[in-house]
Amino acid sequence: MNRDIDTLVSSTIRVLSAEIIQEANSGHPGLPLGMADCANILWTKILKHYPDDPNWINRDRFILSAGHGSALLYTLLHLAGYKLEREELKHFRQLGSRTAGHPEYGMIEGIETTTGPLGQGFANGIGMALSAKIIADRFNRPGYEIFGDHYIYGIVSDGDLMEGISYEAASFAGHLGLGNILYLYDSNNITIEGNTDLTFSDDVRKRFESFGWHLQEIDGHNFAEIEEAVQKAREVKDTPSLVICRTIIGKGSPNKKNTSKVHGAPLGEEEIGLMKEELGWKEEEKFTIPESVLTHFEERKISLKEKYSEWQQKFSEWSEKYPALRNEYEAFMNNKIPAALELELMDKVSKEPKATRALSGEILQILADKVPSLLGGSADLHPSNNTFLKNYSSISKGDFSGKNLHFGIREHAMGGILNGMALYGGLLPYGATFLVFSDYLRPAVRLASIMKLPVTYVFTHDSVFVGEDGPTHQPVEHINALRTIPNLYVLRPADGVECALSWSCALKKEISPAALILTRQKTYPVNMEADPDMADKFMKGAYIVYEPEGTPEAVIAATGSELSVAVDAAKLMEKNIKCRVVSVPCVELFMEQSDSYRKQLFPDIPKVIVEAGTCFGWGDVLPGELLKINIESFGRSGKAGDLAEYYGYTGEKVAKKISDWLA
């Protein structure tokens with residue numbers, strides 16, 4: 001085996017990564033230099049992918065969970081033949097460049113996920129591995145094991161493994177025996193502040209072994225050990241693998257290696273010159289790649305094309321032998337939604353007074369049969385979230401045929417895993433917990449919003465009316481906190497019809513991700529009929545539910561359980577004050593409408609917002625004179641009915657507040 005070319009490839013990765021960072025005068029050279037040898041072996045000898053078809057379903061996925069080392073990934077993509085020109089490398093971290101400071105999904109083909117906060121990529125990979133198992137179970141047939149025949153590789157850092165999300169996700173992966181995960185741990189004992197001894201003394205090996213992972217420990221700069229460890233890990237089929245790679249951060253930098261100085265600052269021209277001299281590089285030449293290295297990667301691409309072509313042939317044979325299954329596969333991978341889904345859901349959902357969490361549960365049972373790619377679960381709360389699909393089994397170790405996932409009490413990891421599932425392709429995943437715990441998975445929700453992933457969050461127990469559990473479990477700021485996240489559609493339905501339309505809305509990829517905000521207490525239906533125009537009204541984010549006789553003198557806006565209270569108040573006031581009532585199930589959809597539509601619903605007359613939470617932002621939604629009937633304090637323990645009286649959320653009390661204000 002020619003290790004001379006391996007040495008040259010690693011040197012190329014180091015020099016090019018350092019020059020990319022130096023050109024920007026910003027970045028993190030420590031990881032690219034330290035993990036160059038591991039990345040070299042992985043990308044030139046192991047990783048199965050095809051740059052000319054970067055979305056090939058059976059490719060290996062590579063995740064740089066330590067996203068601050070992005071120069072390494074950009075260097076690898078460029079060398080491997082992806083559409084990433086050398087000029088783009090020179091524009092690293094610049095405005096308008098595709099080579100952002102951390103890898104961003106959708107900017108460059110070959111970037112599998114946006115890895116910003118440490119630990120997120122770790123969890124994303126576990127979601128991808130789970131999706132691969134699910135899709136393989138559904139579409140593989142004897143002699144045609146063509147799906148899921150690949151691995152999820154990743155480079156993770158000390159920082160990734162300090163973050164709690166990684167341990168939540170690792171526990172989940174070990175429990176399910178996801179043997180298609182292989183992570184390389186860059187164990188260099190250095191963080192920004194200095195040596196990891198300052199704060200990190202875990203025995204990582206014992207911890208991961210307790211999770212059921214397969215562990216190896218190697219010299220991360222020994223080519224033979226790296227390759228042998230990866231091949232050995234690939235033979236372990238029923239447990240995820242972690243290879244602890246003992247590395248020197250900034251290896252190749254004569255004066256800064258093995259120090260915190262090399263973690264997050266450019267080496268400097270002088271240090272790069274010394275490194276080039278040590279590596280036998282021509283110091284004056286920048287962004288150069290030796291011909292033998294280019295040839296090495298071209299030869300690798302040719303061998304990868306052969307594997308790709310073999311798979312395509314097998315896929316064609318499978319398609320011919322199983323035409324119905326092929327059609328099902330196409331519908332599945334394209335997240336096909338039945339055309340008349342909204343009408344069917346509105347027609348079948350209960351019109352009785354019920355909690356919207358219960359109504360959502362009814363709808364999910366219908367959706368499970370209608371939308372093959374829909375599946376999900378709860379963070380140990382499905383009896384409360386009403387998210388269990390009754391006619392389907394649960395996914396478990398060795399059995400990935402079901403539709404129900406049990407995430408355990410791991411909200412943070414659940415968010416990251418859901419993102420990985422959506423990124424893999426073909427699945428429309430959902431995850432559920434109490435609204436007050438949405439903070440636990442907020443970083444993952446934010447990343448899903450950045451990537452515009454088709455993930456649905458089911459957040460139940462949505463207000464102070466949770467009741468006896470008290471203020472720790474009564475969300476007051478959470479709905480508006482979620483509304484501040486760009487690209488996230490926050491849907492707070494008031495009754496069964498709005499629940500049906502909320503789910504339909506959430507499953508349409510162009511407006512995902514979405515968060516459904518659902519009640520524990522009963523709500524009283526405002527929409528009793530399956531109006532064929534209702535879907536169009538709902539998709540505008542706001543619509544009139546009650547119109548008085550004569551010209552309105554004020555408009556009451558309300559969401560969720562407060563909508564029926566607003567209607568009651570309007571009816572009580574009608575003899576003296578004529579009030580229109582507008583449901584606003586989705587502020588984001590409403591704000592996308594034209595000024596004329598918004599003014600049509602809310603003309604220049606006094607306005608009222610009734611929502612059992614903080615009112616931050618409503619002044620922008622409803623400009624002008626505005627009465628806010630809201631809650632700006634933490635809740636109190638008590639029965640839901642007593643709390644409604646206490647906080648003034650009854651028809652009589654809302655009517656009095658509005659009457660007094662208008663007077």
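Here are the numbers for this structure:
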quantity	calculated
Failed condition for THR247, given (1) touching a Lys or Arg at 6+ places or on another chain (Cβ under 9 Å); (2) closer than 28 Å to ILE5 by Cβ; (3) among the β-branched types (Val, Ile, Thr)	(1)
Within region 1-33, tally of residues that are in a helix (DSSP H, G or I) and either touching a Gly at 6+ places or on another chain (Cβ under 6 Å) or modelled with pLDDT under 95 (or both)	8
Helices (runs of 4 or more DSSP H) completely within region 577-663 that count 2 or more residues being hydrophobic (A, V, I, L, M, F, W, C), more than 28 Å from SER512 (Cα to Cα) and in contact with a strand residue (DSSP E or B) (Cβ under 9 Å, 6 or more places away or on another chain)	651-662
Yes/no for ILE63 being open to solvent by less than 40 Å² (accessible area, probe 1.4 Å), more than 21 Å from VAL15 (Cβ to Cβ) and over 26 Å from the mean Cα position of the chain (by Cα)	no
Residue in region 81-97 that is outside any helix (DSSP H, G or I), open to solvent by 20 Å² or more (accessible area, probe 1.4 Å), modelled with pLDDT of 95 or more and small (Gly, Ala, Ser) present	yes
Flag for LYS540 being of a type in the set (Lys, Arg) and farther than 27 Å from PHE332 by Cα	yes
Answer residue from region 229-254, given it is in contact with a Ser or Thr (Cβ under 7 Å, 6 or more places away or on another chain) and part of a strand (DSSP E or B) and is surrounded by the fewest Cβ atoms within 10 Å (Cβ to Cβ) among those	ARG246
Unique residue being among the acidic types (Asp, Glu) and either open to solvent by 60 Å² or more (accessible area, probe 1.4 Å) or closer than 22 Å to CYS505 by Cβ (or both) when the list is GLU562, GLU574	GLU562
ALA339 of a type in the set (A, V, I, L, M) and either free of Cβ contacts under 8 Å to residues at least 40 places away in the same chain or not in a helix (DSSP H, G or I) (or both)	yes
Entirely in region 430-509, the helices (runs of 4 or more DSSP H) that have 1 or more residues that are of a type in the set (A, V, I, L, M), surrounded by 24 or more Cβ atoms within 10 Å (Cβ to Cβ) and under 13 Å from the mean Cα position of the chain (by Cα)	442-451
Selection from region 213-222 of residues that are over 13 Å from THR247 (Cβ atoms) and open to solvent by 30 Å² or more (accessible area, probe 1.4 Å)	HIS214
Single match in GLY164, GLY194, GLY220 (criterion: touching a Ser or Thr at 6+ places or on another chain (Cβ under 9 Å) and more than 30 Å from ASP4 (Cα to Cα))	GLY194
Among residues of region 607-652, those that are open to solvent by less than 80 Å² (accessible area, probe 1.4 Å), charged (D, E, K, R) and more than 16 Å from HIS461 (Cα to Cα), counted	1
Matching residues in region 412-423 - criterion: being open to solvent by 10 Å² or more (accessible area, probe 1.4 Å) and over 20 Å from TYR489 (Cβ atoms)	HIS412
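The rows are residues; the columns are (1) at pLDDT 95 or above; (2) surrounded by fewer than 12 Cβ atoms within 10 Å (Cβ to Cβ); (3) part of a helix (DSSP H, G or I).
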site	(1), (2), (3)
GLU271	yes, no, yes
GLU278	no, no, yes
GLU283	no, no, no
THR288	no, no, no
LEU294	yes, no, yes
PHE297	yes, no, yes
ARG300	yes, no, yes
LYS307	yes, no, yes
GLU310	yes, yes, yes
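Yes or no, residue by residue, for (1) crowded, with 19+ Cβ neighbours inside 10 Å; (2) farther than 28 Å from MET539 by Cα; (3) of a type in the set (A, V, I, L, M, F, W, C); (4) more than 24 Å from the chain's Cα centre (by Cα):
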| residue | (1), (2), (3), (4) |
| --- | --- |
| LEU343 | no, no, yes, yes |
| SER350 | no, no, no, yes |
| LYS354 | yes, no, no, yes |
| ASP380 | no, yes, no, no |
| ASN386 | yes, no, no, no |
| TYR392 | no, yes, no, yes |
| ASN404 | yes, yes, no, no |
| PHE407 | yes, yes, yes, no |
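The values are calculated or read from the model by the stated rules, or taken from the named source; none is laboratory data. Bear in mind the structure is a predicted one, so any value in this text is a computation, not a measurement. For neighbour counting, all protein chains shown are included, and Cβ atoms are generated from backbone atoms with ideal geometry for every residue, glycine included. For accessibility, only protein heavy atoms count, side chains too; no ligands or nucleic acids. Shrake-Rupley method; radii C 1.70, N 1.55, O 1.52, S 1.80 Å.
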